[in-house]
Every structure is written in C-alpha cells, then in structure tokens.
Amino acid sequence: MNRVWIRGGTVWTGGDAPRVFAGGVLCHDDAIEAIGPDAELEKRARGAEAIAANGRLVAPGFINAHMHLYSTLARGMVLKDPPAENFLEILERLWWRLDKALILEDLGVSAELALADALRAGVTTLIDHHASPSCIAGSLDELAAAAQRLGVRLCTCYEVSDRDGPEKARAGIEENLRFAAAARREPLLRGLFGLHASFTLEDDTLRRCAEAGAGAGLAFHVHAAEAASDVADAKKRGAMGAVARLHRLGVLPRGSIAAHCVHTSEPEWALLKEANVFCVHNPQSNMNNAVGTARVAEMVAAGVPVGIGSDGMEADVREELRAAFLLDHHRRSDPRGMWAELGLLLSVNRRLAGGIFGRTLGELAPGAAADVVVYDYHPPTPLSAQNFLGHFLFGAYRAPARDVLVAGRIRVRGGEIPAFDPESLAARARERAEKLWQRL
C-alpha cells in the first residue's frame with residue numbers, strides 16, 4: 001500500500017467546476033483518496049508519506065494532447081539546404097529526412113529527454129505520434145520503455161504513410177496493431193492508430209487502415225489540414241477538404257484526434273462535432289511553420305471539441321496554452337477573447353486522455369488518478385477559481401514543478417527526478433545526435 005499526503009498547499013482542483021482552497025490531497029496507491037483542508041485530512045492521513053507544499057500551488061498534472069517524442073534530437077541541427085520557403089519544403093528538407101535517419105538506438109534517448117522535461121513542467125500525460133521508417137517494428141516499444149523508466153503516462157502510435165512505399169505502410173499498420181494490443185496490459189500505456197496526413201495517403205491505404213482500426217477497436221491520430229497544401233491535395237481527390245476526405249474514408253471514428261485543423265471549413269466542423277473527433281490545436285508549431293492560425297474560438301463556438309498540444313515544439317503544454325491565448329488576441333485584434341475557451345481546451349484534454357486511459361485525469365477529486373503536481377509558485381496576489389487563469393497566464397505557466405506524483409508514485413521530488421542523471425542522458429543524447437546528423 002502506497003499513501004502520500006500533500007499538505008499545506010494552495011489547491012486548484014481543475015475539472016469542470018474547479019475550486020481553490022488551502023489544504024491538500026491524500027493519495028492511496030494510484031488514486032486520490034480525499035481532498036480538503038489539512039485539518040480534515042490529518043487524522044485520515046496517518047501513516048502516509050507527507051509532502052509539505054508550504055503554500056505553493058497544488059494542481060492536477062497537465063496533459064499534452066499531441067507530441068512528437070522523436071523530434072528531440074533535432075534541437076540545434078543546422079541544415080545545408082537553403083531555408084525552406086513553405087511547409088512541404090520543411091517536411092522534405094528536415095522532418096522526413098530526420099525520421100528516415102532514425103535508428104532504434106536513437107528513440108529511447110530522444111523520448112527520455114522530452115519526457116523528463118515534461119515531468120519537470122508538471123505534464124504527466126502525453127499523447128504521442130511517432131515516425132521512424134527505417135526502424136518501424138518495435139519502435140513504439142522504445143518510447144514506451146522510456147516512459148516507464150520515468151513513470152509518465154504515454155499514449156503513442158506509428159504514423160502510417162505511403163511516402164516510403166507499400167511495405168513501409170504495411171509495417172506501420174502492423175506496428176500500430178501490435179503495440180496497442182500490448183499496451184492495454186500496462187496501466188500507464190495506451191496505443192492509438194497513427195496516420196501521417198491525408199496528402200501522403202492513398203485511398204486504398206486509408207481503407208485498409210480503417211478496416212484494421214475498426215477490427216482492433218482503435219481510434220485514430222492524424223495530422224489534418226495543417227497547411228493549405230493538404231486541403232488542395234484533398235480537393236484534387238474529390239473531397240471538400242482534408243478532414244472531409246479522412247472522414248469519408250472511415251479513419252475518423254469517435255474519439256479520434258485530428259491534429260491542427262488550421263485550414264478547415266464550417267461543414268467540416270460539423271463533421272468533427274457529430275463524430276466526436278478531437279481537434280488538437282498546436283499554436284507555436286503553426287506559427288513556427290508559418291502555416292496559418294486555427295480559428296479556435298469559432299470552432300469551439302461551433303461545438304468542436306478542441307484540445308491543446310505542442311507538436312513536438314516542447315513538452316510543456318502550459319506554454320502552448322499561453323500561446324493560444326495571445327495568438328487569438330492577435331488574430332482577431334480583440335483582447336476580450338479566449339478566457340472561457342482556455343478552460344474548454346483543458347476540459348477537452350481531460351476528456352480525451354480520460355477516454356484513452358479509462359481514468360479521470362486532469363482533476364483533483366476523490367477517485368481520480370493520483371497525478372498531482374506541487375508547483376514552485378507562491379501566489380503573490382489572492383488566488384481563486386475565478387482568477388486562476390490570470391495567475392496561470394501571467395506567472396504560474398512558467399513555474400517549475402517541485403514535486404510530481406503520477407499514479408500515486410513520486411516522480412519528481414524537490415525539483416529532481418529520483419535515480420535520474422540528466423548530465424549522463426545529455427551526454428548520450430549528444431553522441432546519438434552527432435551520429436544522426438551525420439547520417440543526414
């Protein structure tokens with residue numbers, strides 16, 4: 001039996017009806033046993049390991065709904081090509097060359113770096129999307145092993161694409177099915193069925209994926225309408241857009257993820273809403289790739305479930321929430337928006353991840369998963385449920401996690417990850433990165 005009592009904190013519960021109070025959280029094994037003022041929990045918490053928050057912010061672990069763990073070793077890489085002028089050139093000159101050059105030995109190091117960053121930011125659940133066409137079989141196991149070493153919740157998948165030929169596409173389908181079946185046996189692991197994007201997939205391949213996914217009971221995770229070129233390709237194939245084509249060919253069943261949705265139309269929003277497909281906004285990546293800006297506020301108003309991810313820009317999804325807030329103000333030239341929408345982005349992430357893992361995530365409540373973070377943030381002004389986002393956007397979003405529990409186990413203590421050597425990992429990563437860059 002494992003019991004941990006976080007006491008003396010400024011607790012923000014999250015959830016659809018968040019509360020703020022002085023007190024703590026009592027965890028029993030992998031679930032939250034009770035929350036409340038310390039005086040109410042003290043007797044019940046006898047024998048539990050105590051963590052004194054000393055007034056710091058206590059919150060549920062954050063969820064990153066779209067991540068690329070394989071991208072970490074690209075940090076600082078300089079290409080010899082002329083600078084890319086559009087999104088397709090970015091893919092061709094950087095990401096498709098990088099993912100093809102990856103070998104199995106690179107994957108665990110790349111994943112561990114990003115997952116450690118996530119933990120130190122209080123991000124306890126990541127939904128990943130992977131590609132390594134030179135080493136497909138077993139690739140997802142490397143990512144999963146890194147997540148298990150650190151104790152992070154991870155859902156991942158392999159992106160099926162026709163860009164490297166039919167054999168690689170078949171291998172990607174097999175890797176998705178194999179890993180998803182195995183991951184169901186592990187409480188902190190899950191699998192989805194990954195696809196790259198509409199413009200790199202032929203109709204026959206998408207139909208095979210739809211059949212395989214339905215047979216395995218899997219939802220899909222796919223890039224959709226990230227750039228205008230994806231939409232143009234879909235229109236050449238007779239669809240009104242990328243989302244419409246994916247929906248027509250059966251790879252957007254209930255619970256699937258359509259990442260980006262930058263270039264989508266109102267009729268496609270209706271499809272996403274009716275099918276209960278989650279759109280995941282990735283604002284910093286969209287800005288970096290100069291692909292445009294998703295109309296998040298309008299999609300939310302239309303009833304589309306919109307969550308938030310990072311697309312591999314970083315593991316800390318808190319930065320993406322702030323970027324989404326500022327970008328919407330800039331896009332609409334209106335400083336009044338995105339307050340309510342930010343709360344809905346968090347709510348959708350909770351619903352998405354909770355459906356995948358079969359647990360209540362992203363909320364501090366009895367029975368919810370014991371994913372709890374003590375942030376090194378002492379509120380300098382009064383904090384309430386009504387003004388939490390103001391504290392978050394202009395202060396707490398950059399506070400490091402001092403203590404982190406995932407499934408009731410202490411994964412960060414005093415700002416450090418126990419039994420984890422960041423210097424050694426960085427040295428191994430530099431060695432792997434140098435060899436990877438040479439292969440490019």
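Structure data summary
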read-out	value
Matching option when the condition is surrounded by 15 or more Cβ atoms within 10 Å (Cβ to Cβ) and assigned by TED's automatic domain parsing to the domain that holds residue 23, among 324, 369	369
Qualifying residue in the stretch 69-77 (condition: within 20 Å of residue 399 (Cα to Cα) and in contact (Cβ under 8 Å) with a residue 12 or more places away in the chain)	no
Matching residues, the stretch 234-260, being surrounded by fewer than 19 Cβ atoms within 10 Å (Cβ to Cβ) and either farther than 14 Å from residue 278 by Cα or modelled with pLDDT under 95 (or both)	235, 236, 237, 238, 240, 248, 250
Odd one out for residue 162, checked against (1) outside any helix (DSSP H, G or I); (2) free of Cβ contacts under 8 Å to residues at least 60 places away in the same chain; (3) touching a Phe, Trp or Tyr at 6+ places or on another chain (Cβ under 6 Å)	(3)
Matching residues in the stretch 392-412 - criterion: being within 17 Å of residue 117 (Cβ to Cβ) and either assigned to a loop (DSSP other than H, G, I, E, B) or of a type in the set (Lys, Arg) (or both)	398, 399, 400, 402, 411
Residue list for the stretch 211-234, restricted to those being over 23 Å from the mean Cα position of the chain (by Cα) and farther than 18 Å from residue 280 by Cβ	211, 212, 214, 215, 228, 229, 232, 233, 234
Selection within the stretch 351-391 - free of Cβ contacts under 8 Å to residues at least 12 places away in the same chain, in a loop (DSSP other than H, G, I, E, B) and either farther than 29 Å from residue 155 by Cα or more than 23 Å from the chain's Cα centre (by Cα) (or both)	381, 382, 386, 387
Candidate set: the stretch 135-165, residues that are over 22 Å from residue 119 (Cβ atoms) and under 18 Å from the mean Cα position of the chain (by Cα); chosen: the one surrounded by the most Cβ atoms within 10 Å (Cβ to Cβ)	158
Any hit, the stretch 376-393, residues being out of contact with any His (no Cβ under 7 Å at 6 or more places or on another chain) and within 30 Å of residue 1 (Cβ to Cβ)	yes
In the stretch 413-440, residue surrounded by the most Cβ atoms within 10 Å (Cβ to Cβ) [restricted to those that are under 17 Å from residue 116 (Cα atoms) and basic (Lys, Arg)]	428
Hey, residue 334 of a type outside the set (S, T, N, Q), under 30 Å from residue 113 (Cβ atoms) and either touching a residue at least 12 places away in the same chain (Cβ under 8 Å) or touching an Asp or Glu at 6+ places or on another chain (Cβ under 9 Å) (or both) or not	no
Every residue from the stretch 327-350 that is part of a loop (DSSP other than H, G, I, E, B) and buried (at least 20 other Cβ atoms within 10 Å of the Cβ)	338
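The values are calculated or read from the model by the stated rules, or taken from the named source; none is laboratory data. Since the model is a prediction, treat every value here as computed from it, not as a measurement. Using ideal geometry, Cβ is built from the backbone for each residue, glycine included, and neighbour counts are taken over all protein chains shown.
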